[in-house]
Amino acid sequence: MSAAGSNLRVNSVRLWDALGEMALIGPGVAGGCNRQTLTDADSQGRHLFAEWCKAAGMSMGVDTMGNMFATRAGTDPEALPVYMGSHLDTQPTGGRYDGVLGVLGALEVVRSLNDAGVQTKHPIVVTNWTNEEGARFAPAMLASGVFAGLHSQDYAYNRTDMEGKRFGDELARIGWVGTEVVGARKMQAMIELHIEQGPILEAEGKEIGVVTHGQGLWWLEITLTGRDAHTGSTPMNMRVNAGLGMARITERVHQIAMSHQPAAVGAVGQVQVFPNSRNVIPGKVIFTVDIRSPDQAKLDAMRAEVERAAQAVAAELGLGCAIEAVGHFDPVTFDAGLVKVVRGAAEQLGLRHMDIISGAGHDACWINRVAPTVMIMCPCVGGLSHNEAEEITSAWAAAATDVMLQTVLQVAVVV
Ligand code: HGY
Ligand code: MN
Ligand code: MN
């Protein structure tokens, strides 16, 4: 084998089969997945992942947030491990690859190293971060956020889903409260492989995204309070319509994002209307605004403009208005040294690549606070994600995993 295993490649069929098998757990209704965090399906997926890791000769550690760490020993047990990983939880109408490619691609790297009998100085750890999506329990990247010290574990344990169930109770219910102290682990590096979840790589004809930055995000939960009333007999000038307020603010969010183009996005994704009855004017609406930009000034300006717009609409309509920030991270700059290694690996493999800013948030965005971190992306068909029709090709998955393999061989040091 030439120096540092440079001609080593992953087994693309085994990787694709693993992705297909995991997708059968918590299936959606249209070919994708609904394996939401801390559900029985999440637990089932965790057990399958743990089984595969054991079969690959790895030892498993779990922390008190349910983060899973499967270790492949290195020749120097004192050397800080090189981590790879992402998340196995999905959106309610999620795809098969968001997060999952990063976890199972990392497992495939280990399986390929095992096949080739390659030893590394640093241990290698494959990670499954709990509740990356934030769909059931806001905010997103909750467990990696606790690991990186952004949230306390108490805060995380007390987050509730739409049915009022607590994160801590649900984690205990599925039997995945580990014993490790969250954040105690120290890392040589963290590498996250992820599908792009946007259209750029495919449109540019690239196979690899070398992720230099991640855009920042605010999730603002807005509660508007009006008055339930009859949709038929209540005169228009006597209505205190929280649903109308939400509609106007939703439009303003879109206008604000458009006014900050390029590199700014905004939408309302989650809405709870009360009492949600066909012939009752909504007396209360709770909805979440998701605004993002790689530019700190734009991100902060959009937040201020959204809050001002919400208050103005509420005043116009005589509504009560409460705004709570339920998710946030500043724009992220990944480790320049690791970015160079990833770019070099793509070049060495002869893969078409480009630097890219991640539009989506990822666990890597938080881990970047506590360890040198980088991301590798592959295209997805039509840029579609957070949709059951999310698609990638086996070739894209294998190529990006090969880049991760070569990156790990360099950072973990082949012996
Ligand atoms: O919201 C995000 O960007 C990620 O998919 N959780
Ligand atoms: Mn993801
Ligand atoms: Mn996602």
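Of the residues making up segment 358-392, just one is touching a Pro at 6+ places or on another chain (Cβ under 8 Å) and either modelled with pLDDT under 95 or among the β-branched types (Val, Ile, Thr) (or both), namely Ile392. Going by the conditions given, is Ile376 within 25 Å of Arg96 (Cα to Cα) and either among the basic types (Lys, Arg) or outside any helix (DSSP H, G or I) (or both)? In short, yes.
Checking Val126, Val103 one by one, the residue that is closer than 28 Å to Thr39 by Cβ, within 14 Å of ligand 3 (Cβ to nearest atom), in contact with a helix residue (DSSP H, G or I) (Cβ under 8 Å, 6 or more places away or on another chain) and not in a loop (DSSP other than H, G, I, E, B) is Val103 and no other. Quick one: is Gly66 farther than 26 Å from Ala395 by Cα, within 22 Å of the chain's Cα centre (by Cα), more than 16 Å from ligand 1 (Cβ to nearest atom) and crowded, with 24+ Cβ neighbours inside 10 Å? Yes: the conditions hold for Gly66.
What residue, of Ala242, Ala247, is of a type outside the set (Phe, Trp, Tyr) and crowded, with 20+ Cβ neighbours inside 10 Å? Selected residue: Ala242, the only one of Ala242, Ala247 that is of a type outside the set (Phe, Trp, Tyr) and crowded, with 20+ Cβ neighbours inside 10 Å.
Cβ-Cβ distances below 7 Å connect the following pairs, each with a first residue in segment 268-294 that is over 21 Å from Trp219 (Cα atoms), a second residue that is of a type in the set (Phe, Trp, Tyr), and a separation of six or more residues or different chains: Pro282/Phe274; Gly283/Phe274.
Please verify whether Arg173 is closer than 30 Å to Ser59 by Cβ, of a type in the set (Lys, Arg) and either crowded, with 22+ Cβ neighbours inside 10 Å or away from ligand 3 (no atom under 16 Å from the Cβ) (or both), treating the condition exactly as stated. Yes: the conditions hold for Arg173. Glu78 falls short on exactly one of the conditions (1) in contact (Cβ under 8 Å) with a residue 60 or more places away in the chain; (2) away from ligand 3 (no atom under 16 Å from the Cβ); (3) among the charged types (D, E, K, R), and that condition is (1). Consider segment 207-222 and keep the residues that are surrounded by 22 or more Cβ atoms within 10 Å (Cβ to Cβ) and over 30 Å from Gly320 (Cβ atoms). The one that is farthest from ligand 1 (Cβ to nearest atom) is Glu207. A single member of Ser59, Ser43, Ser86 is among the small types (Gly, Ala, Ser), touching a helix residue (DSSP H, G or I) at 6+ places or on another chain (Cβ under 6 Å) and either without any contact (Cβ under 8 Å) to a residue 60 or more places away in the chain or surrounded by 18 or more Cβ atoms within 10 Å (Cβ to Cβ) (or both), and it is Ser86. All told, Glu316 falls short of being more than 28 Å from Ile256 (Cβ to Cβ) and either outside any strand (DSSP E or B) or more than 16 Å from ligand 2 (Cβ to nearest atom) (or both). Only one of the numbered conditions (1) away from ligand 3 (no atom under 16 Å from the Cβ); (2) aliphatic (A, V, I, L, M); (3) outside any helix (DSSP H, G or I); (4) closer than 29 Å to Glu390 by Cα is not met by Leu48, and that is (3). Taking every residue in segment 377-401 that is among the aromatic types (Phe, Trp, Tyr) and pairing it with any residue that is part of a strand (DSSP E or B), at least 6 positions away or on another chain, the pairs with Cβ-Cβ distances below 7 Å are Trp396/Cys378.
The values are calculated or read from the model by the stated rules, or taken from the named source; none is laboratory data. Values in this document were obtained by computation on a predicted structure and should not be read as measured data. Cβ coordinates were reconstructed from backbone atoms using ideal geometry, including for glycine residues, and neighbour counts include every protein chain displayed.
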